[in-house]
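Below is one structure, written out as structure tokens; the observations come after it.
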Amino acid sequence: MRYVYGPVPSRRLGFSLGIDLVPFKTCSLDCIYCQLGRTTQKSVERKIYTQKDNVCEEVREALRKTERIDYITFSGSGEPTLNLEIGAVIREVKKITALPVAVLTNGTLLFREDVQKDLVEADVVCPSLDAASDVMFRKINRPHDALKLDSIIQGLKKFRMIYKGRIWLEVMLIKDFNDSTEELSRIRNAISGIQPDRVYLNTVVRPPSEMYAKLLSSDEMMTVKNYFDNRCEVIAEFHGQKIGEAQNVEDAIIEMTKRRPLTSIDIANVLGVSETNAKTWINILKYSGKLQERQYKGERYYSYAIKK
Ligand code: SF4
């Protein structure tokens, strides 16, 4: 499958069948915490990157083959709203299945009316907002030059007014960047203007694009949660407190690699996910010392790192 992957276990969305509408890594931002690495195609230009009929055919095939799917989720290798066809694909998917549709977006293009219209049919829109000051927006999200933070926040507010579905806003907290009282106060004010249905707090628990992007501790996350609002939720998966579903994927990879060294494509095929997705999990496990990498005849192989 080219556009569809999973289902992937997700804390917010259960078993989520992913639809990846943009080539790796096409995004309007280049976040220092991005787990996909640095943005190679920084763009705000919406284009047709897919063939809608092929995407829908892959969705039909995945639905036929898979027993449990909780959400159809537009996400993947970059910013999905950069694909001009996202609205048309959402509408087609809604004809194919009654499953709820979610869109994970960085929210930077939601000030545009065409993007707002494209997302109105989704059941859940999950935008992110990591900064409410220009300085911090530039430091954390390294946006495309054409983007203005004020327009983005106004766009989120406008979208709230026209959109009848649920908005689950995510804030990524980074040590010594947006965790000061001043920055948190600005973000809190922006959130109260946007009025999302839920706020999820995350931190850099997975390997970031820039190693200087550090995570907050579990206690620090709880302090921010209490400062923001009791309704917000911490979704970061701290070591020793991993969620059940994520643990299952990790366990599956560890069990496989205990038996024989595997490439990222082998792992993707066994898990039924895209290679990009498999690489994300491989990086998490390498970072935590559970997998080791070896090169053999031009291929990278991963095997379980036995503790001595
Ligand atoms: S918006 Fe998402 S995909 Fe784009 S750089 Fe940031 S974290 Fe990565």
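Quick look at the numbers
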read-out	value
Nonlocal amide H pairs with ASP70, under 5 Å, H built at 1.01 Å	PHE15, SER16, LEU17
Tensor-based shape of segment 62-159 (alpha-carbon gyration tensor, a/c under 1.5 rounded, otherwise prolate or oblate)	prolate
Per-residue [θ]222 nm for the chain (sum of -39500 (n - 2.57) over DSSP H runs n ≥ 4, rounded to 500)	-11500 deg cm²/dmol
Dipole in debye (nearest 20) - segment 4-241, about Cα centre, beta carbon charges: Lys, Arg +1; Asp, Glu -1	300 debye
Segment 4-241: C-alpha gyration tensor shape, a/c 1.5 cut-off, then a/b vs b/c	prolate
Lys, Arg +1 and Asp, Glu -1 on Cβ, resulting dipole of segment 154-193 about Cα centre, debye, nearest 20	440 debye
Share antiparallel - DSSP beta bridges, segment 1-155, percent rounded to 5	25 percent
Within-10-Å neighbourhood charge of ASP197 [Cβ basis; K, R +1; D, E -1]	+4
For segment 58-67, Karplus couplings with θ = phi - 60° (6.51, -1.76, 1.60), whole Hz, Gly/Pro x	5, 5, 4, 4, 5, 5, 5, 8, 10, 7
Whether segment 1-62 is rounded, prolate or oblate, judged on the alpha carbon gyration tensor where a/c under 1.5 counts as rounded	oblate
Residue among LEU149, THR181, LEU21 farthest towards the positive dipole end of the chain, charges placed on Cβ	LEU21
Under 15 Å from the Cα of LYS139 - aspartates and glutamates, other chains or at least 8 residues apart	ASP30, ASP130, ASP176, ASP179, GLU183, GLU210
Cα-based reach from LYS94 at 17 Å (exclusive), listing aspartates and glutamates while leaving out same-chain residues under 8 positions away	ASP20, ASP53, GLU57, GLU58, GLU61, ASP70, GLU85, ASP118, GLU121, ASP123
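A short reminder: the numbers here are calculations on the coordinates, not readings from a lab. This one's a predicted model, so the numbers in the text were calculated from it and none came from an experiment. All Cβ positions, glycine included, derive from the backbone under ideal geometry; neighbour counts span all protein chains shown.
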